[in-house]
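Read through the structure below, which is laid out as structure tokens, and then see the notes.
The values are calculated or read from the model by the stated rules, or taken from the named source; none is laboratory data. None of the values given here were measured: they were computed from a predicted structure. Don't worry about glycine lacking a Cβ; one is built from the backbone with ideal geometry, like all the others, and counts go over all protein chains shown. Only protein heavy atoms, including side chains, enter the accessible area calculation; ligands, DNA and RNA are left aside. Shrake-Rupley method; radii C 1.70, N 1.55, O 1.52, S 1.80 Å.
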Amino acid sequence: MFTDRIFRKFALVKILNAWLCISLQAWAAAVSARAQNLVVNGSFEEHIGCVYHYLKDLNSCNFNPLARAVVEGWFTPADRRADYFHPCNTADGYKPPKTQYGLVYPADGEACVGLWYYRDAETSASRDYLIGTLKEPLQAGKTYYVSYKVRLSEYSQLAGPAPGLWVTSRKLKPEDLAIGFSAREAQINPDTAQYIWDKTRWYTITGSFKAEGHERYIVIGYFGKRKDPPLLYLKDHKAEGFSPECYHLLDDVYLGLEPPSVREPLPAAKPVNYVIYRRGYQWLEGRVTDRETQTPLPNAELLLYETERPQFAEKIRLSKDGRFRTSVPRGKYIAVARHPGYLPRAAYCESAVFEETMDLKLTPVKKSHTMQLLNYYTYSDGQLRFQRFCPEELRELAAFLIENPNVKIQINSRGYRQRDKQESAEDIQYETEARAREIADFLTDAGVLGYQVTARGLGLSQGQGFADEVEVIEVLQKPDNRPRFPLLIQLFHAETKMPVSGSVNLMNLESGAVKVLEAQDGRAVSKILPGAYTISAVIPGFLPVAENFEMPLDEHRLTLYLTPIENNTFTLRNISFPPNSTQPDPASYPVLDKIVALMKLRPEIGLSVEGHTDGSNERTADEYLNDLSLRRAEGVKGYLVSKGIDASRIQCQGFGRSRPVADNDTPEGRALNRRIEFRILE
């Protein structure tokens, strides 16, 4: 009996051990199944080929390193690309750690991928997307967890939010990635207020979603609702030139039924040293100071305008220490600083970089004080060649001398012997005298009195290079007694006839001087010299307006009516067409020039030109009226393109009589229905 009892205990233990082993195996299998990463090659380690050095056009849009390396389970849409970084690569810029995007260290293993989250190519923006394959379809109703690691490349100039992830059941076409469509379906869309800006560490993005069933692919990239993602321009970037980009490195992509074991927090919302980035815009900053004492001049007047459109000057506010900072559309600008008792100082800036600094040091109007002028040069074959002086700066100097007839100046010009020319000292003396006289003639032609300007060529310069300068030779104690007359300016809403407040620019067409006035409650008053002027107003919510006028020897009143832009749509009533013609009448050109000014002031927008007709003749076919209104809209587009507006920014539509805004039974109503409407496309 004792032996039977021992045998029964032994059998029971054996049965328990077997059951326990089976249970542990089943549990381990279940855990393994649940912890399985469903992403094929989520660490990017498995690949067939490498990126070799003999491949041409490595940086072209048609070159796709990810496809060249044949990374298992990963691909990109036909019109996008992704980079693959692995030690086996021999192509320049793709072998870590030293790459064309800076130092690259994978988060785990030997490989990682990179893609442009955003790239500004000046004329257009581009974004890349990465598509991965799942090992099996997802099951409907189950909750899946996602994680992937992201790092900002060392040479990125821009920082943006982390890329999102979209899970889908079908292979994608390029049109599927249109902004707006994918934004509604992306399962993982990180907070746009959290930026990936620290270039020294990897960040883990996590999330979860409930599957709809049969999903087989994941897409990683930007899925925001906005056309362009919110971006920050980092001031610590190391890249040169002006092609701002936000380039992300990706590694360790996971999707499974179990949550990831590591959850690293995102960095602080924003870095310390940054500015807001806007495509098509640039940041200008600097300081206005006294050249001698270096003391700030916070009360100086600082104007900024494009070189081709000085009538639309913008007045820039200065801080207490004379500093300024502003964001403007990308282009070529002249900044002019003025202050009583100082010569006006100009600085030239162009969009070579996103952020440009220019300090304007003003020269006091005292005898023997000098100020060097801006000049345009070309540099080739090691030679610096003078092209021409800066007319925008000379116009400002002319305006200053006209306003201060008691100041006398001398233009001093210097030159140097160029290596590729056999020039004598006499030849250089003649050249500098001719250049100084040319500058003096420019000033007198602009209205400066002859006794105020003299010219002198100084021949060979002591240093290397050209130099044209203004020297104050005398300041007469003679007041300016020229008569000035009051100009009353009024601004009104074109439809409601209510006053509108804003800034008004006044430019003297003879001297080029620009004056900025503040119209409070739609009214501004200023005393000016008689002559020809251009007045313009650029006020948010209204179309830009500009017109020429002659200031008489008496008080003058000028009224401007501003066309409102409501819900990004506005109508101009004074666009007319000759009979049986689809081209605008020349009398309509001043009205269309307002559209040109708007498009140049806001390079980031597009425009829809929509033609409409009245329905006075019911026997006229709708097809004919639709075609007529479309061709007239295209005629308006043709005029805008002839003024330098890119044709790709303008769309045309013709609606015939299908959208009346008034009754066609009256002449007034039909006149309102015959119109060209404009709709701004953000």
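Suppose R0 equals 51 Å. What FRET efficiency, 1/(1 + (r/R0)^6) with r the Cβ-Cβ distance, do Lys527 and Thr620 give to the nearest 0.05? Let's see the in-between values first.
Working: r = 57 Å, r/R0 = 1.11.
Calculated transfer efficiency: 0.35.
Starting from 0.36 nm per residue, how many nanometres of slack lie between Glu45 and Arg484 once their C-alpha separation is accounted for? Mind showing how you got there, number by number?
Values: separation 439, 0.36 × 439 = 158.04 nm, distance 7.93 nm.
My answer for the length gained is 150.1 nm.
Within the accessible area of region 536-682, what % is carbon and sulfur when the probe is 1.4 Å and the other protein chains stay in place?
47
Going down the list Lys149/Lys332; Lys497/Lys600; Lys408/Lys527; Lys320/Lys515, which pairs span over 30 Å between their C-alpha atoms? Could the numbers behind the result be given before it?
Details: Lys149/Lys332 41 Å; Lys497/Lys600 27 Å; Lys408/Lys527 24 Å; Lys320/Lys515 22 Å.
The pairs that break the limit, which is 30 Å between Cα atoms, are Lys149/Lys332.
As an exercise, use a Förster radius of 45 Å and the Cβ-Cβ distance of Ser503 and Asp663 to find the FRET efficiency, rounded to the nearest 0.05. Could you put the intermediate results ahead of the total?
Numbers: r = 40 Å, r/R0 = 0.88.
E(calc), rounded to 0.05, equals 0.70.
Ignoring any ligand, DNA or RNA, what whole percent of the accessible area of region 61-170 comes from carbon and sulfur when the probe is 1.4 angstrom?
Values: 1850 of 4020 Å².
Carbon and sulfur together cover 46 percent of it.
So if I average 1/r over every pair of distinct C-alpha atoms in region 424-564 and take the inverse, what Kirkwood radius in Å does that give?
On the way: mean 1/r = 0.0542 Å⁻¹.
Result for region 424-564 stands at 18.5 Å.
Using a basic spin-label model with each label point 7 Å from the Cα along Cα→Cβ, how many nm lie between Thr143 and Glu474?
Inter-label distance under the simple model: 9.0 nm.
Taking H placed 1.01 Å from N in the peptide plane, check which residues at least 5 places from Gln282 or on another chain put their amide H under 5 Å from its amide H.
The list, which skips near neighbours in sequence, is Val328, Arg330.
For the peptides 106-115, 198-207, what is the packing order when you average, over each peptide's residues, the other Cβ atoms within 10 Å and list the highest mean first? It would help to have the intermediate numbers written out before the result.
Numbers: 106-115: 20.0, 198-207: 17.0.
The packing order, highest mean first, is 106-115, 198-207.
For Asp593, what accessible area in Å² do you get when you roll a 1.4 Å probe over the heavy atoms of the protein chains, rounding to the nearest 10?
Here the residue's solvent-accessible area equals roughly 60 Å².
At 7 Å along Cα-to-Cβ for each site, give me the label-to-label distance between Val275 and Leu681 in nm.
Each label point is offset 7 Å from its Cα along the Cβ direction, giving 3.0 nm.
At 7 Å along the Cα-to-beta-carbon direction for both Asp198 and Thr326, put a label point, then send me their distance in nm to one decimal.
3.8
Estimate the FRET efficiency between Glu550 and Tyr451 by the formula 1/(1 + (r/R0)^6), using the beta-carbon distance for r and 35 Å for R0, to the nearest 0.05. Write down the numbers at each step before the final one.
On the way: r = 27 Å, r/R0 = 0.78.
FRET efficiency, Glu550 to Tyr451: 0.80.
Taking the solvent-accessible surface of protein heavy atoms with a 1.4 Å probe, what is the per residue accessible area of region 497-612 in Å²? Write out the running numbers ahead of the final one.
Working: 5270 Å² over 116 residues.
For region 497-612, the solvent-accessible area averages 45 Å² per residue.
Hey, can you rank 133-146, 76-89 by average C-beta count inside 10 Å, highest first?
Details: 133-146: 14.4, 76-89: 19.8.
Those peptides, ordered most packed to least, come out 76-89, 133-146.
What does the extension gain come out to for Arg649 and Asp627, with contour length at 0.36 nm per residue minus their alpha carbon separation? Please list the in-between numbers first.
Numbers: separation 22, 0.36 × 22 = 7.92 nm, distance 2.14 nm.
The span from Arg649 to Asp627 would gain 5.8 nm if fully extended.
I'd like the Karplus ³J(HN,Hα) series for region 72-82: coefficients 6.51, -1.76, 1.60, θ = phi - 60°, whole numbers in Hz, and an x wherever there's a Gly or Pro.
For region 72-82, the Karplus-derived couplings read 4, x, 10, 7, 10, x, 4, 9, 10, 9, 9 Hz, x marking Gly and Pro.
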